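S.K.: Could you have a look at this structure, given as structure tokens, before my questions?
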Amino acid sequence: PGKESGSYAWVYVLMGNMLRGIGETPIGPLGISYLDDFAEEGHSSVYLGSLNAIAMIGPVTGFILGSQFAKLWVDVGYVDLSSIRITPKDSRWVGAWWLGFLVAGLLSIISSIPFFFLPKSLDKPQKERKVSVSLHALKTNEERSQMANLTNPGQKVTGNITGFIESLKSILTNPLYVIVLVLMWLQISSFIGAVTYAFKYVEQQYGQSASETNILFGMVAVPTVAVGLFTGGYIIKKFKFTLLGFAKFSLFTNLVAFTFHLLNYVLVCESKPVAGLTLTYDGISPVASHINVPLSYCNSDCNCDQNQWEPVCGDNGITYISPCLAGCKSSSGNKKPIVFYNCSCVEVTGFQNTNNSVRLGECPREDQCKRKFYFYIAVQVLHNFFAALGGTSIFMLIFKTVQPELKSLAVGFHALIIRALGGIPAPIYFGALIDRACMKWSTNDYGNRGSCRIYNSTLYGYTYWGLMDSLKFLAFILYIVLIFTMKKKYQGKDTKQSENGKKAMNEANVESLNNDGHSAPPARTKNETHI
């Protein structure tokens, strides 16, 4: 067999994502650290919650635009749409996905313009500056001489590399930071896997088109996350949580969200009746396996291509893989909606009909499954709200469990791990397990396997939700480990002050310097002694 022509489109996607990652750095790790440094005491959680909530405007806009682009054929402007027989609800439909990248790129360029007018350096608040001066005045002569030695460019590079390695070692030997990092990695992996295949799940499970699914997530699911993030930030400010309070609050909200998440198992629909996959071709009896289902008396003489996928819906409510395999003898031509007549495999129970017909496209879901879809929406709203409610608190633990000067590194390393170990592997192993539920694969011009046309709905649902819940359960174990580690580490210390003890921590550092005449070890965190 021949080979498909190579495509280098992935190179452009890779370069685009690299540039996007570079551009996100000032807004992500550095921006979050800036918010915490310059926010008034007790307000950093509100600002962080607000930032994450406002960030949801992007996904909402993207889903709504994606809904409209999904209705357009991928080669819009180059193909006569009247020649396309399928509709957006067909699994073979490919929407104009590339338009989203163009619009998003243009909006990103426009939104970057205000950043050019920011000052080159941002002054710290007066109280922070005073503490920094006090710390600097207490440096020993030895430390000053070491700093002077770094004036040489080569020594500066070596010093920067050594300092980076020491800083990275510091955060990676911090047990609290590592536990929170792994915990968030499990949660994000579950989230990324869920989002990646959520559209396919809704399409396959409830018969919704790609455009309808985009509207669902854009108008219902994502705004709920925004409300949860903002509300979580406000609750933290209102009740002045400590670090231990962050962990407990996040654990509680995620347990509630997990409880709602379990309801999804009840909302899984049965697989569609498909002749040749779940039923015999005459539609009379179920089959033990969807692999190599033998032809029936009604289509054995039709010389049909069993690899073809052009689903049609019969008058009997059964989907057939193709008009040929339904035993059809004639059609309405290119007139839409396309109807095929004299289909020998189709029998309407209770009627003597010699002109049985089928229509192009899969049969719609039964009413019971359609009702489950509305319950599914309600469950997602409740789950997303409570999961997002604890999102701000668990994220604040990332930079509250390390030394203040290492916040940016801690947040940046967290973003790296999440993108590399969460964003890349999760869709791969989610997809590998979900593909086990595929009942019908497409084939390309060279006979190689393509995309999945239809899934076993029950197996898909249990695999999809089961994998997510497994990751969530492991995260709950780490929540418990985190709480016990915190209690053990800070046993007997003051636990009454909240996360906003910046001044108290800095004063403690100065006092330590005055007592021994040497630089005190970097404070583990602004709040570590206030748990």
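The values are calculated or read from the model by the stated rules, or taken from the named source; none is laboratory data. Because the structure is a prediction, the values reported are computed rather than measured. When we count neighbours, we look across all protein chains shown, and the Cβ atoms used for this are built from the backbone with ideal geometry, even at glycine. What goes into the accessible areas is simple: the full protein's heavy atoms, side chains included, and nothing from ligands, DNA or RNA. Shrake-Rupley method; radii C 1.70, N 1.55, O 1.52, S 1.80 Å.
S.K.: Going through the stretch 445-469 one residue at a time, which ones are assigned to a loop (DSSP other than H, G, I, E, B) and charged (D, E, K, R)?
M.R.: To start, the set of residues in the stretch 445-469 that are assigned to a loop (DSSP other than H, G, I, E, B) comprises 445-448, 456.
Residue satisfying the conditions is Asp445 alone.
S.K.: For the stretch 352-409, how many residues meet the condition of being more than 17 Å from the chain's Cα centre (by Cα), of a type outside the set (A, V, I, L, M, F, W, C) and closer than 30 Å to Trp185 by Cα?
M.R.: 9
S.K.: What's the total number of residues in the stretch 355-372 that are open to solvent by 70 Å² or more (accessible area, probe 1.4 Å) and either within 23 Å of Ala55 (Cα to Cα) or assigned to a loop (DSSP other than H, G, I, E, B) (or both)? Please lay out each step first, then the result.
M.R.: Residues of the stretch 355-372 open to solvent by 70 Å² or more (accessible area, probe 1.4 Å): 355, 359, 364, 366-368, 370-371.
If we keep only those that are either within 23 Å of Ala55 (Cα to Cα) or assigned to a loop (DSSP other than H, G, I, E, B) (or both) as well, we get 355, 364, 366.
Going through the stretch 355-372 one residue at a time, the tally reaches 3.
S.K.: Of everything in the stretch 477-510, what is within 30 Å of Ile434 (Cα to Cα) and either buried (at least 17 other Cβ atoms within 10 Å of the Cβ) or modelled with pLDDT under 90 (or both)? Give them in sequence order.
M.R.: Within the stretch 477-510, Leu478, Tyr479 qualify.
S.K.: Which residues, taken from the stretch 196-210, are charged (D, E, K, R) and within 17 Å of the chain's Cα centre (by Cα)?
M.R.: Filtering the stretch 196-210 for residues charged (D, E, K, R) gives 200, 203.
Matches in the stretch 196-210: Lys200 only.
S.K.: So which of Phe386, Phe375, Phe430 is open to solvent by 60 Å² or more (accessible area, probe 1.4 Å), at pLDDT 85 or above, of a type in the set (Phe, Trp, Tyr) and under 28 Å from Thr224 (Cβ atoms)?
M.R.: Being open to solvent by 60 Å² or more (accessible area, probe 1.4 Å), at pLDDT 85 or above, of a type in the set (Phe, Trp, Tyr) and under 28 Å from Thr224 (Cβ atoms) holds for just one of Phe386, Phe375, Phe430, which is Phe375.
S.K.: Output the residue which, of all residues in the stretch 400-411 that are in a helix (DSSP H, G or I) and open to solvent by less than 10 Å² (accessible area, probe 1.4 Å), is nearest to Tyr34 (Cα to Cα).
M.R.: Residues of the stretch 400-411 in a helix (DSSP H, G or I): 400, 404-411.
If we keep only those that are open to solvent by less than 10 Å² (accessible area, probe 1.4 Å) as well, we get 400, 407, 410-411.
Numbers: Lys400: 13, Lys407: 10, Ala410: 13, Val411: 12 Å.
Among residues in the stretch 400-411 that are in a helix (DSSP H, G or I) and open to solvent by less than 10 Å² (accessible area, probe 1.4 Å), the one nearest to Tyr34 (Cα to Cα) is Lys407.
S.K.: Still on this model: Report yes if Ser408 is among the small types (Gly, Ala, Ser), at pLDDT below 85 and in contact with a helix residue (DSSP H, G or I) (Cβ under 6 Å, 6 or more places away or on another chain), otherwise no.
M.R.: Values: among the small types (Gly, Ala, Ser): yes; at pLDDT below 85: yes; in contact with a helix residue (DSSP H, G or I) (Cβ under 6 Å, 6 or more places away or on another chain): yes.
Considered against the rule, which asks whether it is among the small types (Gly, Ala, Ser), at pLDDT below 85 and in contact with a helix residue (DSSP H, G or I) (Cβ under 6 Å, 6 or more places away or on another chain), Ser408 comes out as yes.
S.K.: Lys472 - would you say it is outside any helix (DSSP H, G or I), touching a Leu at 6+ places or on another chain (Cβ under 8 Å) and either modelled with pLDDT of 90 or more or not β-branched (Val, Ile, Thr) (or both)? Steps first, please.
M.R.: Details: outside any helix (DSSP H, G or I): no; touching a Leu at 6+ places or on another chain (Cβ under 8 Å): yes; either modelled with pLDDT of 90 or more or not β-branched (Val, Ile, Thr) (or both): yes.
No; evaluated as a whole, the condition is false for this residue.
S.K.: When you go through Ala437, Ala420, Ala415 one by one, which is the residue that is farther than 15 Å from Val180 by Cβ, under 17 Å from the mean Cα position of the chain (by Cα) and among the hydrophobic types (A, V, I, L, M, F, W, C)? So that I can check it myself, show each step before the final result.
M.R.: Values: Ala437 fails: under 17 Å from the mean Cα position of the chain (by Cα); Ala415 fails: farther than 15 Å from Val180 by Cβ.
After applying the criteria, what remains is Ala420.
S.K.: Can you tell me which residue is surrounded by the fewest Cβ atoms within 10 Å (Cβ to Cβ) among those in the stretch 272-288 that are over 18 Å from Cys369 (Cβ atoms) and hydrophobic (A, V, I, L, M, F, W, C)?
M.R.: Here the answer is Ala288.
S.K.: Just checking, which of Leu183, Leu172 is open to solvent by 20 Å² or more (accessible area, probe 1.4 Å), among the aliphatic types (A, V, I, L, M), at pLDDT 85 or above and on the phi < 0 side of the Ramachandran plot? Full working, then the answer.
M.R.: Details: Leu183 fails: open to solvent by 20 Å² or more (accessible area, probe 1.4 Å).
So the residue among Leu183, Leu172 that is open to solvent by 20 Å² or more (accessible area, probe 1.4 Å), among the aliphatic types (A, V, I, L, M), at pLDDT 85 or above and on the phi < 0 side of the Ramachandran plot is Leu172.
S.K.: I'd like to verify a number: residues in the stretch 186-223 that are more than 21 Å from Gly423 (Cβ to Cβ), open to solvent by less than 20 Å² (accessible area, probe 1.4 Å) and at pLDDT 85 or above, how many?
M.R.: Total meeting the criteria: 3.
S.K.: A further question follows. Is it fair to say Gly233 is surrounded by 20 or more Cβ atoms within 10 Å (Cβ to Cβ), part of a loop (DSSP other than H, G, I, E, B) and in contact (Cβ under 8 Å) with a residue 40 or more places away in the chain?
M.R.: Numbers: surrounded by 20 or more Cβ atoms within 10 Å (Cβ to Cβ): yes; part of a loop (DSSP other than H, G, I, E, B): no; in contact (Cβ under 8 Å) with a residue 40 or more places away in the chain: yes.
No; evaluated as a whole, the condition is false for this residue.
S.K.: Shifting gears a bit: Find all pairs meeting these conditions: Cβ atoms under 9 angstrom apart; at least six residues apart or on different chains; first residue within the stretch 2-15 and modelled with pLDDT under 70; second residue surrounded by 10 or more Cβ atoms within 10 Å (Cβ to Cβ) and not aromatic (Phe, Trp, Tyr).
M.R.: Going by the 9 Å Cβ cut-off, the qualifying pairs are Glu4/Asn444; Glu4/Asn448.
S.K.: Can you tell me which of Asn292, Asn307 is touching a strand residue (DSSP E or B) at 6+ places or on another chain (Cβ under 6 Å), polar (S, T, N, Q), more than 14 Å from Leu360 (Cα to Cα) and open to solvent by 20 Å² or more (accessible area, probe 1.4 Å)? I'd like the intermediate steps shown before the answer.
M.R.: Working: Asn292 fails: touching a strand residue (DSSP E or B) at 6+ places or on another chain (Cβ under 6 Å).
None of the other options fit; the residue is Asn307.
S.K.: On to the next question. Conditions: (1) open to solvent by less than 20 Å² (accessible area, probe 1.4 Å); (2) assigned to a helix (DSSP H, G or I); (3) farther than 19 Å from Gln205 by Cβ. Ser442 meets all but one. Number of the miss?
M.R.: That leaves (2) as the condition not met.
S.K.: Scan the stretch 181-199 for residues that are without any contact (Cβ under 8 Å) to a residue 60 or more places away in the chain and over 28 Å from Leu409 (Cβ atoms) and report the count.
M.R.: The total comes to 2.
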